[in-house]
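This report concerns only the one structure given below.
Please treat every number below as a calculation from the coordinates, not as lab data. Remember, it's a predicted structure, so these values are computed and weren't measured experimentally. Note that each Cβ is placed from the backbone with ideal geometry, even for glycine, and that neighbours are counted across all protein chains shown.
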């Protein structure tokens, strides 16, 4: 609950700051002269793209904070079971960090005018970016590795009779709940 209150206080603070910078006491309908002569009626000093990016980041930040608060509230319930972290998560995180470091090195080299280092950094980032999907396929969950070639194995024939289909759907539902594949 406190996360939500902090979030609402931050939003209220931004709204108050924005309102304090507006000309709330001016009465433009009482002013005399041309519309272009008034200070408050010209365009914003910020470019439109920067304003759009700020609005987008505010929306994404709100969504992230709401998802995070929902996660923490869900953790507080009595039936919460923490999920195990798979090996694939750590492998993908390492590959993403290497790719980010390579891209940052390429940016620094580009600013210094070192063309060879830019090429090396971009090639390394591209190589690590193509490693990510291959790593995801290589490090499969153990249930998939035991069942066959991937998440959907076509090595076994499927009986389409109504009794067997109902039984298979029940097994599939149970398997999704337990995290394993049906046999």
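Based on the Cβ-Cβ distance from residue 66 to residue 100, what FRET efficiency comes out when R0 is 22 Å, to the nearest 0.05? Before the final figure, lay out each step's value.
Details: r = 27 Å, r/R0 = 1.20.
The computed FRET efficiency comes out at 0.25.
Given R₀ = 45 Å, what would the calculated FRET efficiency be for residue 119 paired with residue 57, taking r from the Cβ atoms and rounding to 0.05? Mind dumping the intermediate values first?
Numbers: r = 32 Å, r/R0 = 0.71.
It comes out at approximately 0.90.
Please give the contour-minus-distance gain from residue 89 to residue 19: 0.36 nm per residue of separation, less the Cα-Cα distance, rounded to one decimal in nm.
Values: separation 70, 0.36 × 70 = 25.20 nm, distance 4.38 nm.
Additional length available on full extension: 20.8 nm.
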### Query
Can you tell me the Rg and the Dmax, both Å, for the Cα atoms in the range 83-122?
14.2, 47
